[in-house]
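Student: What follows is a single structure, and I will ask about it in a moment.
The values are calculated or read from the model by the stated rules, or taken from the named source; none is laboratory data. Because the structure is predicted, anything quoted here is derived from the model rather than measured. Cβ sites come from the backbone with ideal geometry, for glycine too, and all protein chains shown count toward neighbours.
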Amino acid sequence: MVDSGVNDRSEGHSLGMVCVLLASILWGTTGTASALAGSVSPLAMGAASMGVGGLLLAATSAPQIASSSRLLAASWPLVIVGGAAVALYSVAFYTSMRLAGVAIGTAVSIGGAPVASAVLERFLDGRRLTPQWAAGATLGVVGAVLLSFARGGDGGGESTQTAAGVLLGVLAASTYAGYSWTSHRLMRLGVPSRASVGATFAVAAVVLLAVLVGVGRPFLDSWTNLAVGAYLAAVPMFVGYLLFGWGLSRVASSTATTVSLAEPVVAAVLAVVVVGERLPWFGWAGMDLIVACLVALALPVRRRPAG
């Protein structure tokens, strides 16, 4: 006889992975889209996309935030830490790529997130990491590094500048993992995903919109720049983080950050198909490793029958 509870958990896990994967696909379009607005700095791109996108998330989640106000008030440190993590991630990720180059910045920021997330869960939640997750994460991180360096046509500058970019990449990976952990923790406390994501991004939006006021002038230089900013805020950030929030309500944050390694695969495919970039063999090998990572995480974990 099949345990319906096990089936429900398996279906929920699968749905959560699909939501995170769809979010990663949307995030993977940001590089191609931002290339259309080359005069806008990476810092302005990050502030606009996550600041305005965060404002949309907060506004459209207002009813859920209001209905969960008591839980959110009781858990305000998680909301503040999560919001600060989102704001820091946006600034650190884009600035890391500017200082260290796209290859190194992406490899450290995206490839390091699953490791940072696993460390948080291990020490803050006491969660044991399964051999299946470890194998999948290893494949994914190695694949992300290979793919990032395959696409890195622009290297970093001086060694000091590159080192600063690497440190910012570590900060980006850690803050991305921090946001995933705080949001997952809020949901475990009973806060719905919409309320958790909306409240967290409301905090981040306050900071990022202030940054945008100072650096966002290039968005007004052309309709193309403005359209790119609107797309980044509405689709990859607004819709993407809604999907990511739904996924986090069904899977562990370490699994979610590992599945999001699909983002550089989508970015690379779009760069080849749309922009016309060429990808060397080790770039395709990196894509294969990330796909293998996703397959490994999607397979159900076999449990020994009790008794």
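Student: Can you name the residue in region 109-127 that is farther than 28 Å from Gly198 by Cβ and at pLDDT below 75 and is also farthest from the chain's Cα centre (by Cα) among such residues?
Tutor: Gly126
Results for (1) of a type in the set (A, V, I, L, M, F, W, C); (2) closer than 18 Å to Ala137 by Cα, shown as yes or no for each residue.
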| residue | (1), (2) |
| --- | --- |
| Val228 | yes, no |
| Ala233 | yes, no |
| Trp246 | yes, no |
| Ser253 | no, yes |
| Ala262 | yes, yes |
| Val265 | yes, yes |
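Student: Does Gly229 satisfy being crowded, with 17+ Cβ neighbours inside 10 Å, at pLDDT below 90 and more than 17 Å from the chain's Cα centre (by Cα)?
Tutor: Details: crowded, with 17+ Cβ neighbours inside 10 Å: yes; at pLDDT below 90: no; more than 17 Å from the chain's Cα centre (by Cα): yes.
In short, no.
Each row is one residue, and each column tells you yes or no for (1) within 27 Å of Ser34 (Cβ to Cβ); (2) in contact with a strand residue (DSSP E or B) (Cβ under 9 Å, 6 or more places away or on another chain); (3) free of Cβ contacts under 8 Å to residues at least 40 places away in the same chain.
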position	(1), (2), (3)
Gly178	yes, no, no
Trp181	no, no, no
Gly190	no, no, no
Phe201	yes, no, no
Ala204	yes, no, no
Leu208	yes, no, no
Val213	yes, no, yes
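Student: So, one more: For Ala62, indicate whether it is without any contact (Cβ under 8 Å) to a residue 12 or more places away in the chain, over 26 Å from Asp221 (Cβ atoms) and surrounded by fewer than 20 Cβ atoms within 10 Å (Cβ to Cβ). Show your work before the answer.
Tutor: Details: without any contact (Cβ under 8 Å) to a residue 12 or more places away in the chain: no; over 26 Å from Asp221 (Cβ atoms): yes; surrounded by fewer than 20 Cβ atoms within 10 Å (Cβ to Cβ): yes.
No.
Student: Out of Ala234, Ala252, which single residue is surrounded by 20 or more Cβ atoms within 10 Å (Cβ to Cβ), at negative phi and among the small types (Gly, Ala, Ser)? Before you say what the answer is, go through the steps one by one.
Tutor: Working: Ala234 fails: surrounded by 20 or more Cβ atoms within 10 Å (Cβ to Cβ).
Being surrounded by 20 or more Cβ atoms within 10 Å (Cβ to Cβ), at negative phi and among the small types (Gly, Ala, Ser) holds for just one of Ala234, Ala252, which is Ala252.
Student: Given the conditions (1) modelled with pLDDT under 75; (2) closer than 24 Å to Gly190 by Cα, report the number of the one that Leu243 does not fulfil.
Tutor: Against the list (1) modelled with pLDDT under 75; (2) closer than 24 Å to Gly190 by Cα, Leu243 comes up short only on (1).
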